[in-house]
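Quick notes on the structure that follows.
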Amino acid sequence: MAAAAVRIEKEGFFGVDLNFGCSVAAICKKGCGAALLKTPELSSKIVKAVRASVSIPVFVKFRTGWSNDPLFAVDMARRFEGAGADALTFHPRVAPDRRTRPPQWDMIRLVQEAVSIPVFGNGNLFEEKDGIQMIRQTSCQGLSIGRMAVARPWLFSQWTNHFLPGNDIYYKTALKFSHILPEHFNEPFSVRLFKKYAPYFCANFKFGHQLLKKTCFR
């Protein structure tokens, strides 16, 4: 992890983002992502090693853990801060609960109050009003947008710069994405990336699952 962070810094990126929040089974089976929350000492050592290897900011994203225990989340936040993290992104869901239940936003406040570094709230940020509500409810210093950043990449400009998307924004975005990919990747990999993007895009529509079946996976 430290070696990878050094490469990231050499490439000129703004910072290093360590993800202790991914709960996808294929990732956790390898002992990565949220699985690392089962070993708090190891998680802290990773953050400490990365922090010592680079001069750019180090960010840590994590979940509540593997049981619904806010005290564990608070403890991990303090551990990560002690290990040298510059900011935290907290997703208040237990790892086994992918998206079946709403995130417990009140836990974000507990984490935010436990550390002195900035805390970004994450979880069910779909509309601008959701972001406003999260900040009011939790006093977090920022917002971390997940799948909606892929489904509606224009929302950053919409939320912060008063951009008003037209009715054709979905069509234009999907078309532009299909044109950009081949400029940077070979054709087989471009197709794979578009197929990864398609489910998020189709989720914008009420019957998007049917749209997905009829288009890219024929």
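Figures for the structure shown
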read-out	value
Distance between modelled label sites at ALA25 and HIS184, nm, 7 Å Cα→Cβ extension	3.1
Folded to 0 to 90 degrees: helix 40-53 orientation relative to the chain principal axis, Cα	80
Backbone HN-Hα couplings from phi across segment 206-211 [Karplus 6.51/-1.76/1.60, Hz, Gly and Pro as x]	4, 10, x, 5, 6, 4
FRET E, pair LYS38, ASP69, Förster distance 22 Å, beta-carbon r, rounded to 0.05	0.95
Gain on full stretching of the segment that runs from ALA3 to TRP154 - 0.36 nm per residue minus C-alpha separation	51.0 nm
Inter-centroid distance (Cα atoms) of segment 142-171 relative to segment 50-113, Å	25
Unit charges at the beta carbon, dipole of segment 150-218: most positive-side option, ALA151, ALA198, LEU211	LEU211
For segment 83-123, size of Cβ-based charge dipole, Lys and Arg +1, Asp and Glu -1, in debye	260
Loop-exposed GluC sites (Glu not before Pro) per DSSP, neighbour cap 14 Cβ within 10 angstrom, longest uninterrupted part of the chain	12-126
Kirkwood hydrodynamic radius (C-alpha pairs) into Stokes-Einstein, segment 110-218, 37 °C and 0.692 mPa s, D in µm²/s	205
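No value in this document is a laboratory result; all are computed from the given coordinates. Because the structure is a prediction, the values reported are computed rather than measured. Neighbour counts are summed over all protein chains in view; Cβ atoms, including those assigned to glycine, are modelled from backbone coordinates with ideal geometry.
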